[in-house]
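Below: the structure, in structure tokens.
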There are 2 protein chains.
Amino acid sequence: MTETTRPLRRDAQRNRERILLAAHDVFAARGFAATLDDVAHHAGVGVGTVYRRFPTKEALIDALFADRLEDLVSLAEDALALPSGWDGLTMLLRRTIEMHAVDRGLRDAALCIGIGKHHFAEVGEHLLPLLQEVIGRAHAEGSLRADVGINDLPIIMATVTDLARHSGGGRPEIYRRFLELIIDGLRAAPGNGDLGPALTQDDVEAIVHDCVPPIEARRRG
Amino acid sequence: MTETTRPLRRDAQRNRERILLAAHDVFAARGFAATLDDVAHHAGVGVGTVYRRFPTKEALIDALFADRLEDLVSLAEDALALPSGWDGLTMLLRRTIEMHAVDRGLRDAALCIGIGKHHFAEVGEHLLPLLQEVIGRAHAEGSLRADVGINDLPIIMATVTDLARHSGGGRPEIYRRFLELIIDGLRAAPGNGDLGPALTQDDVEAIVHDCVPPIEARRRG
DNA sequence: AGAAAGTGGAGGCGATTCCTCAACTTCCCC
DNA sequence: GGGGAAGTTGAGGAATCGCCTCCACTTTCT
């Protein structure tokens with residue numbers, strides 16, 4: 001409000017971009033568990049430079065992911081553009097998983113959507129109604145089993161991307177196979193068992209908090 | 001071969017049992033990631049005592065789990081005693097998950113079965129043929145989809161028990177719900193998608209190695 | 001050329017885990 | 001009941017890891 005931000009010196013600007021580039025790679029590989037030291041090393045700059053530009057890990061994460069989360073919103077819009085609700089839902093699942101498997105940082109960021117963990121929880125205001133509609137369309141056409149709801153989506157995402165991580169980057173067939181298995185479980189079918197009551201918002205928050213590495217380190221005391 | 005093992009002194013014997021009792025609890029809660037210091041503290045003895053009795057974490061794990069893994073074998077036998085192959089398979093899945101959700105150490109041990117990670121890989125010689133038969137029966141009766149095989153079982157186990165851990169001990173409904181979803185995905189059904197080629201033994205080993213904490217700490221250099 | 005901005009990376013700090021060791025205690029057997 | 005072997009203890013050494021600071025040095029800008 002009261003500040004004018006000075007333009008960066010040319011070398012500083014160049015380094016800032018190098019850092020973002022390196023951070024992209026490092027966070028893709030390690031998710032929020034990446035360290036700023038690691039980023040600095042990959043960028044070929046000193047750690048001090050990284051900390052001068054991005055005083056906390058959170059600031060760097062913001063710069064990296066804030067707009068990329070919008071891609072998920074357009075993905076959901078694409079899903080709604082498909083005529084079939086089922087195809088919309090499954091396309092959304094498959095493509096989201098692919099994005100998250102390739103970039104674990106994006107996965108961690110996306111899981112923070114809709115929970116109180118980080119301020120890009122705000123993206124949820126755009127995304128959640130869209131997801132709700134994706135689910136609703138599939139319910140309406142009777143293709144998605146009735147006892148599956150929006151709160152199951154983060155769990156599926158977290159689980160399948162965890163498997164993707166454990167199986168390394170080399171064999172995407174593995175997590176894809178597992179996702180297809182789950183997708184077949186989502187189908188409304190006569191023989192299906194009973195899933196019981198839906199997950200609560202609190203359930204999801206607790207699980208996601210536990211699945212995503214902490215963004216802020218312990219502050220020195 | 002050449003040694004006679006001396007009987008323990010009475011206090012040592014008492015302490016050994018205390019340690020095993022404490023280890024049961026600590027490993028149930030933390031799995032192979034439990035520390036021997038933690039066990040000592042819970043047992044109310046000094047760490048030195050634990051290290052004297054169980055020189056490595058592996059020795060303690062052996063003493064804790066070697067025979068309990070046999071329970072999984074009898075569970076598989078129970079599954080084969082059921083008239084329906086499908087019921088056998090799903091009963092096996094459900095009950096194994098319950099055991100592993102309650103005792104994370106048992107989960108870690110069970111995941112080592114059949115891979116070269118620990119010598120109770122040998123239990124696999126008893127267990128794997130039984131599992132193969134559980135799967136085979138369900139295939140034969142046409143209830144289990146044909147493109148699911150024995151190598152999918154460890155993945156399902158690892159995934160669902162991971163979810164159980166992330167959701168804390170308080171809400172078993174959560175992992176049960178997810179397991180039921182997967183079970184419904186396992187059913188042979190006309191609309192099912194294609195899972196692609198089965199997992200290889202190597203796939204499973206790589207994933208399990210990555211999912212189970214290392215048993216041996218880094219040796220001092 | 002001088003001042004302001006930026007840089008590097010060794011190293012302090014605190015946390016975590018492993019495991020040892022030497023002073024002390026308990027037990028067992030004669 | 002006494003001697004010596006067996007057992008116990010827990011502080012602390014050593015290694016690792018991640019966060020972040022600090023200040024002597026370099027680069028840019030005017």
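The values are calculated or read from the model by the stated rules, or taken from the named source; none is laboratory data. Computed from a predicted model, the values in this text were never measured in an experiment. Neighbour counts are summed over all protein chains in view; Cβ atoms, including those assigned to glycine, are modelled from backbone coordinates with ideal geometry. Each accessible area value is taken on the protein alone, full model and side chains, heavy atoms only, with ligands, DNA and RNA left out. Shrake-Rupley method; radii C 1.70, N 1.55, O 1.52, S 1.80 Å.
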- Message: Just to verify a result, which residue in the stretch B:1-48, among those that are within 22 Å of residue B:99 (Cα to Cα) and part of a loop (DSSP other than H, G, I, E, B), is nearest to DNA strand D (Cβ to nearest atom)?
- Response: B:35
- Some residue of the stretch B:185-201 being among the β-branched types (Val, Ile, Thr), assigned by TED's automatic domain parsing to the domain that holds residue B:118 and part of a loop (DSSP other than H, G, I, E, B): yes
- Query: Right, residue A:153: open to solvent by less than 30 Å² (accessible area, probe 1.4 Å), more than 9 Å from every other protein chain (Cβ to nearest Cβ) and at pLDDT 95 or above or not?
  - Reply: yes
- From the set of residues in the stretch A:181-192 that are at the interface with chain B (Cβ under 7 Å from one of its Cβ atoms) and open to solvent by 30 Å² or more (accessible area, probe 1.4 Å), which is nearest to the chain's Cα centre (by Cα)? A:187
- Query: Right, residue A:148: more than 20 Å from residue A:202 (Cβ to Cβ) and buried (at least 21 other Cβ atoms within 10 Å of the Cβ) or not?
  - Reply: no
- Take the residues of the stretch A:161-173 that are at the interface with chain B (Cβ under 7 Å from one of its Cβ atoms) and assigned to a helix (DSSP H, G or I): which is most open to solvent (accessible area, probe 1.4 Å)? A:173
- Based on what the data block shows, is residue B:94 in the same structural domain as residue B:133 (by TED's automatic domain parsing), among the charged types (D, E, K, R), touching a residue at least 12 places away in the same chain (Cβ under 8 Å) and away from DNA strand D (no atom under 16 Å from the Cβ)? yes
- Consider residue A:176 carefully, then state whether it is open to solvent by 30 Å² or more (accessible area, probe 1.4 Å), within 14 Å of chain B (Cβ to nearest Cβ) and part of a helix (DSSP H, G or I). yes
- For the stretch B:197-221, the count of residues that are more than 16 Å from DNA strand C (Cβ to nearest atom) and open to solvent by less than 30 Å² (accessible area, probe 1.4 Å) equals 6
- For the stretch B:48-67 the number of residues that are of a type in the set (A, V, I, L, M) and loosely packed, with under 15 Cβ neighbours inside 10 Å is 2
- Looking only at the stretch A:109-143, and only at residues there that are of a type in the set (Asp, Glu) and out of contact with any helix residue (DSSP H, G or I) (no Cβ under 7 Å at 6 or more places or on another chain), the one that is least open to solvent (accessible area, probe 1.4 Å): A:122
- Odd one out for residue A:158 among (1) open to solvent by less than 10 Å² (accessible area, probe 1.4 Å); (2) within 14 Å of chain B (Cβ to nearest Cβ); (3) without any contact (Cβ under 8 Å) to a residue 40 or more places away in the chain; (4) small (Gly, Ala, Ser): (3)
- Query: Regarding residue B:30, is this residue in the same structural domain as residue B:202 (by TED's automatic domain parsing), open to solvent by 10 Å² or more (accessible area, probe 1.4 Å) and in contact (Cβ under 8 Å) with a residue 60 or more places away in the chain?
  - Reply: no
- Note on the structure: By residue number, the members of the stretch B:49-89 that are assigned to a helix (DSSP H, G or I) and in contact with an Asp or Glu (Cβ under 9 Å, 6 or more places away or on another chain) are B:50, B:57, B:58, B:61, B:65, B:68, B:76, B:79, B:80, B:85, B:86, B:88
